[in-house]
1. Residue-wise, which Karplus ³J(HN,Hα) couplings in Hz belong to segment 134-149, taking 6.51 cos²θ - 1.76 cosθ + 1.60, θ = phi - 60°, and x for glycine or proline?
2. Arrange His269, His195, His24 by Cβ neighbour counts within 10 Å, fewest through most, would you?
3. Please compute the modelled spin-label separation between Ile5 and Asn299, points set 7 Å along Cα→Cβ, answer in nm with one decimal.
4. Quick one: length gained pulling Thr177 to Ser32 fully straight, 0.36 nm per residue minus the C-alpha distance?
5. List the residues whose amide H sits under 5 Å from the amide H of Leu203, counting only those 5 or more places along or on another chain, with H placed 1.01 Å from N in the peptide plane.
6. How do Asp218, Asp233 line up, fewest other C-beta atoms within 10 Å first?
7. Quick check: from the Cα gyration tensor, does segment 105-312 come out rounded (a/c under 1.5), prolate or oblate?
8. Pairs to check: Lys189/Lys290; Lys86/Lys200; Lys169/Lys237; Lys162/Lys189; Lys249/Lys300; Lys169/Lys189. Give those whose C-alpha atoms are more than 27 Å from each other in this structure.
Amino acid sequence: MVNGISEVNVYDRLLQRCPVTKLHDGLKSADSEKLRDRLVTILEVNPYYVKQVIRVIIDNNYHNDIEWFYEKYVDLLQYSSMDSKKMDIIRYIFNGEVYVDINERPNLISAMSTTGFRTWEAASYLCDYISNVDTESLNGCSTVLELGAGTGLCSLTLLKGKFQDDLKKVYVTDGDTELISGQLLSNFKLNEMEHEIGQKVKLQRLLWGEDSIPNDIDCVIGADVTYDDTLFDDLFKCLRQCFEIESCKMCLIASTIRNVETDRKFLEHCHDSDFKVEIIQSTELDPQSKARVEQTILNKPLIAPIMIYKIYKEI
Ligand SMILES: C[S@@+](CC[C@H](N)C(=O)[O-])C[C@H]1O[C@@H](n2cnc3c(N)ncnc32)[C@H](O)[C@@H]1O
């Protein structure tokens, strides 16, 4: 731990696809054999990244067995850039103990009318919150509905983290059916959660305002589902339906504030729906949480502030 932030070793940083410029110290002091093994594993999914790492090792003469690195580098010469449509597997680590691997296209903004092919910063921030918060704060959250799940990072973090024994059921939903049967399902397999599908885990389509809400939920979560105000009418119709379920106590929404006007409209919709809203954590009010996400999860600065809103209905 440094300043309350857990450290990530170089082997995990490689799986996080940490930029090579930040890896010099780690690469220099790494065990050669372990490093080579890790690079061979990554080679299968991201040869361009391995090429960049090996370049640093060769240029700085960081390891004695330089021949192995030279040979590999020559094999990799053909890879001149990262194809944004190509799948990669990124490791997310929360609180130094929850490991989630995600099959995604990390450089793809949007394709086939969905933004769900990659994991967004707000999802990492929500997962960091879930992994660090005291158990009281999520007390009573045992049947969870995730809206706009995309790659599934938040539900997987819940299922692998400290609340796993309290969870009865997790509905992992998105409006895009292809995403659900493709990437989302593959991420549950990748994290060895396949056996939970159909049991504790339900992967299903939930198009906001159109599809029905499971009638046993007590908590709703969503990350980066407030990026487009044209979706708010449907999103809020869905949230109002959620709160019609008697057991539903609260909803946690992690929002990246790219545009203050969109955020203002979001809060206005909350007000119009008679929802109470609290900011329970934000990168602006809690710099330590920002540092944790930037330094131990994403290895880069956040593009914009992130808020986690708790929404509920006063009884
Ligand atoms: C920006 S992505 C966020 C994905 C994921 N939560 C994350 O933060 O990495 C927004 C997600 O919401 C889903 N979505 C957008 N409009 C929707 C709608 N009307 N109903 C259900 N899901 C929707 C998209 O398919 C996409 O997966």
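1. For segment 134-149, the Karplus-derived couplings read 6, 4, 4, 5, 10, 4, x, 8, 10, 10, 10, 10, 9, 9, x, 5 Hz, x marking Gly and Pro.
2. So the ranking, lowest neighbour count to highest, is His195, His24, His269.
3. A separation of 1.5 nm, rounded to one decimal place.
4. So the extension gain works out to 47.8 nm.
5. Residues meeting the amide H criterion: Val172, Gly198.
6. Lowest to highest Cβ neighbour count: Asp233, Asp218.
7. Cα axes put segment 105-312 in the rounded bin.
8. Lys189/Lys290; Lys86/Lys200; Lys249/Lys300
Here, each number is a calculation from the coordinates, and none is a lab measurement. The shown structure was predicted, so the numbers you read here are calculated from the model rather than taken from an experiment. With ideal geometry, Cβ positions are generated from the backbone for all residues, glycine too; neighbour counts draw on all protein chains shown.
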